[in-house]
Amino acid sequence: MENNVNITNKENKFRQDFAIIAGWVGFGSKVLDLGCGDGELLTYLRNSLEIKGYGVEKDDANWLTCLQNGTNVIQMDLEDGLSGFEDQSFDTVILSQTLQAMHNTEEIVQEMLRVGREVIVTFPNFGYWRNRIQIASGGHMPVSKDLPYQWYDTPNVHLCTINDFDEFCNNYKITVIERKVITDGIEVSFMPNLLGNLAMYRLKTGQ
Amino acid sequence: MSEISRNSVGIVSAQTAHFDAPLTLKNGEILPQFDLVYETYGELNASKSNAVLICHALSGNHHVAGKYAETDKNAGWWDNLIGPNKPLDTNKFFVIGVNNLAGCHGSSGPSSIRPKSKKTYGSSFPIVTVEDWVNSQARLLDHLGIETLAAVIGGSLGGMQALQWTIAYPDRIKHALVIASAPNLTAQNMAFNEVARQAIITDPEFYDGDYYAHNTVPRRGLRIARMLGHITYLSDDAMGEKFGRKLKDKIKYSFDVEFEMESYLRYQGDKFAGEFDANTYLRMTRALDYYDPALEHGGDLSKALKKVKAEFLVVSFTSDWRFSPDRSREIVKALLDNELTVSYAEVTALHGHDAFLMPDAHYHAILRAYLQKVEV
């Protein structure tokens, strides 16, 4: 897989999570990427799948980079909800590695399901064994490549495990169409809540 | 040569286009003939694909950039945006500034002379609308041999014209930059206009709009109208930072100018009353009040934008309470509903509505980035 030159980001580095998201997004579809950063994922999806994409980004510098990249970008705070978007007006709404930093976690997931026919959510799995070891052995909150913050400066206010998110979907009657878990770009199917560090969910409303 | 003059469009001059074909206005009246005064900066390319139209707001005009003479104290009203290597780069674009109908800077308006009677129009000059302005601007483009605009740009009332361009002439507009604007005015916003108009109309020197014949102008009314306007163009914080409670001298227990803020408002009011026409002010505020493209579509702005093809940049400023970010978001939503290409920036700014004319670094970086992507 690492030799696949078609699925690379701007640093020419293979992004397994992007590849999985691309597999869940239809060719030429309409995509909304919430917390789109510098627009890297949308640029990738535009180049590979000719999507009609819009990003939502709060940060000035990221917003400007999106514009410079030719990514349509709406500046707003996701915590305010998605009232600027009509019901079911997008094929797919994506929240990539941002869920854990949201205060209104429940509301944003419901809003995504309202706006998108399908929803993709990815987040760092707090149940990953390295995180568990840091707490269990060192007695400290985990600090790693994926969770690079100290407890006192982290934007990640709602970290959860794969088990937690499965339960969340069940409680809110959200259908998990597909779930993939990866560690260092490789898919994990055995004991994902222990061995996976990035959880990826493809969701829709109802059960 | 200084940095400023190197980036300036330099010495400019205005031109006048005369139109003999009648223009039917939204209110049903017909202007049998009219003049539009305009300026251009940069060169129109061979394929005539690099033209950008600047639409002015309430008190603006066609003098958008450059100076008429080296000794001019002030350059055009959006000079910080337009020039060689500036965000709206005149090395790339051919920029057109135009004074709107009913204006007082050379285009046909209440203070201009009727062709037949050789008297001023005065009160008889029609109440024009944003739609009429855009139709007259389209005539100017025809006159210049320009079929399609690379972009139309406007702030505030100018943003309404930019939006209207995309509705009325979807095939003639590639990009619209709608800045600090709204799809219509709120009741509060119209209320400020009404107070401004009442100040003018109740001035004893107004003479029902025919003050020219009495060799006078309703100076006091226009002055108060402008003072009111200036309060609403700034944020509370901006006024606080600029003036606070600073006194000119010590408290005198009088109604003279004692606070710095009063000095500013009186200065702005006096300056404006000395150079602007009250009848124009009345008409500009009415054009603001009347603009409401959703009205014919049951209040549904998304339906009003059904035929729009242009790509959009919509910009608002956090402290602008006269044209708040919420109003810009309404435009963005209607564009998204129509699956149009749009980016929206909400610029953090202290200066309220006035921010759209200021050279804030991030704001200008946004306009520069967007305009660099515009193909000509």
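Would you please list the contacts, defined by Cβ atoms under 7 Å and residues six or more apart or on different chains, that run from a residue in the range A:151-168 that is more than 18 Å from A:Thr122 (Cβ to Cβ) to a residue that is modelled with pLDDT of 90 or more?
So the pair list comes out as A:Trp151/A:Met141.
Looking at (1) at pLDDT 95 or above; (2) surrounded by 13 or more Cβ atoms within 10 Å (Cβ to Cβ), find the lone condition where A:Ala101 falls short.
The number of the failed condition is (1).
Conditions tested, residue by residue: (1) more than 10 Å from chain A (Cβ to nearest Cβ); (2) touching a strand residue (DSSP E or B) at 6+ places or on another chain (Cβ under 9 Å); (3) free of Cβ contacts under 8 Å to residues at least 24 places away in the same chain.
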position	(1), (2), (3)
B:Thr280	yes, no, no
B:Glu296	yes, no, yes
B:Val308	yes, yes, no
B:Trp321	yes, no, no
B:Leu336	no, yes, yes
B:Tyr344	no, yes, no
B:Gly352	yes, yes, no
B:Ala355	yes, yes, no
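Can you go through B:Val9, B:Val37 and tell me which one is buried (at least 19 other Cβ atoms within 10 Å of the Cβ), in a strand (DSSP E or B) and touching a residue at least 24 places away in the same chain (Cβ under 8 Å)? Break it down stepwise before answering.
Details: B:Val9 fails: in a strand (DSSP E or B).
After ruling out the rest, the residue left standing is B:Val37.
Being within 11 Å of chain A (Cβ to nearest Cβ) and of a type outside the set (D, E, K, R) is the requirement here; does B:Leu301 meet it?
On the way: within 11 Å of chain A (Cβ to nearest Cβ): no; of a type outside the set (D, E, K, R): yes.
No, not satisfied.
Mind telling me which of the residues B:Leu222, B:Leu177, B:Leu144, B:Leu149 ends up being in contact with a Phe, Trp or Tyr (Cβ under 8 Å, 6 or more places away or on another chain) and either within 27 Å of B:Pro110 (Cα to Cα) or without any contact (Cβ under 8 Å) to a residue 40 or more places away in the chain (or both)? Spell out how you get there, then give the answer.
On the way: B:Leu177 fails: either within 27 Å of B:Pro110 (Cα to Cα) or without any contact (Cβ under 8 Å) to a residue 40 or more places away in the chain (or both); B:Leu144 fails: in contact with a Phe, Trp or Tyr (Cβ under 8 Å, 6 or more places away or on another chain); B:Leu149 fails: either within 27 Å of B:Pro110 (Cα to Cα) or without any contact (Cβ under 8 Å) to a residue 40 or more places away in the chain (or both).
Selected residue: B:Leu222, the only one of B:Leu222, B:Leu177, B:Leu144, B:Leu149 that is in contact with a Phe, Trp or Tyr (Cβ under 8 Å, 6 or more places away or on another chain) and either within 27 Å of B:Pro110 (Cα to Cα) or without any contact (Cβ under 8 Å) to a residue 40 or more places away in the chain (or both).
Could you run through the range B:1-57 and say how many residues are among the β-branched types (Val, Ile, Thr) and at pLDDT below 95? Break it down into steps so the answer makes sense when it comes.
Within the range B:1-57, the subset among the β-branched types (Val, Ile, Thr) is B:4, B:9, B:11-12, B:16, B:24, B:30, B:37, B:40, B:52, B:54.
Right, trim to at pLDDT below 95 and you get B:4.
Of the residues in that region, 1 qualify.
Would you check which residues across the range B:310-319 are over 19 Å from A:Ser89 (Cβ atoms) and facing another protein chain (nearest Cβ under 10 Å) and list them? Give the steps one after another, and end with the answer.
If we filter the range B:310-319 for residues that are over 19 Å from A:Ser89 (Cβ atoms), which is where we start, we get B:310, B:313, B:315-319.
Of everything in the range B:310-319, those that are over 19 Å from A:Ser89 (Cβ atoms) and facing another protein chain (nearest Cβ under 10 Å) turn out to be B:Leu313, B:Val315, B:Ser316.
Would you be able to say whether some residue in the range A:65-84 is part of a loop (DSSP other than H, G, I, E, B), more than 9 Å from chain B (Cβ to nearest Cβ) and among the hydrophobic types (A, V, I, L, M, F, W, C)?
yes
Which of the following residues is surrounded by fewer than 17 Cβ atoms within 10 Å (Cβ to Cβ), within 17 Å of the chain's Cα centre (by Cα) and farther than 17 Å from B:His362 by Cα: A:Glu86, A:Glu79? Quick ask: steps written out before the conclusion?
Working: A:Glu86 fails: within 17 Å of the chain's Cα centre (by Cα).
Being surrounded by fewer than 17 Cβ atoms within 10 Å (Cβ to Cβ), within 17 Å of the chain's Cα centre (by Cα) and farther than 17 Å from B:His362 by Cα holds for just one of A:Glu86, A:Glu79, which is A:Glu79.
The values are calculated or read from the model by the stated rules, or taken from the named source; none is laboratory data. Keep in mind it's a predicted model, so treat the numbers as computed, not measured. We place every Cβ from the backbone using ideal geometry, glycine too, and count neighbours over all the protein chains shown.
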